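What follows is one structure encoded as structure tokens, with my remarks underneath.
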Ligand SMILES: [Zn+2]
């Protein structure tokens, strides 16, 4: 079964779908900031998760 990532809009396989864990709420918040229509329940693709993980890493370890 295919699934559409609501963040990047790409079609991905259902088993590659990633759901944000509650310990990673800061990631969900960041995704929400960029994609107001996205919901945590909707999940997203691995690429997007990695992208946001790196985004947040860069923000929290650097200045600002
Ligand atoms: Zn995606």
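Under a crude label model (7 Å from the Cα following the beta-carbon direction), how far is residue 47 from residue 32 in nanometres?
2.6 nm
What angle do you read, to the nearest 10 degrees and between 0 and 90, between the alpha-carbon axis of helix 25-34 and the longest principal axis of the chain?
The angle comes out near 80 degrees.
State, to one decimal in nm, how far the label point of residue 13 lies from the label point of residue 25, with both points 7 Å from Cα in the Cβ direction.
3.4 nm
Compute the whole-percent fraction of alpha carbon pairs in the chain spaced more than 18 Å apart.
Counting every Cα pair in the chain, those more than 18 Å apart make up 32 percent.
Every number in this text was worked out from the coordinates using simple rules, so none of it is lab data. Everything quoted here is computed from the prediction, not taken from an experiment. Ideal geometry is used to build each Cβ from the backbone, glycine not excepted, and the neighbour counts take in all protein chains shown.
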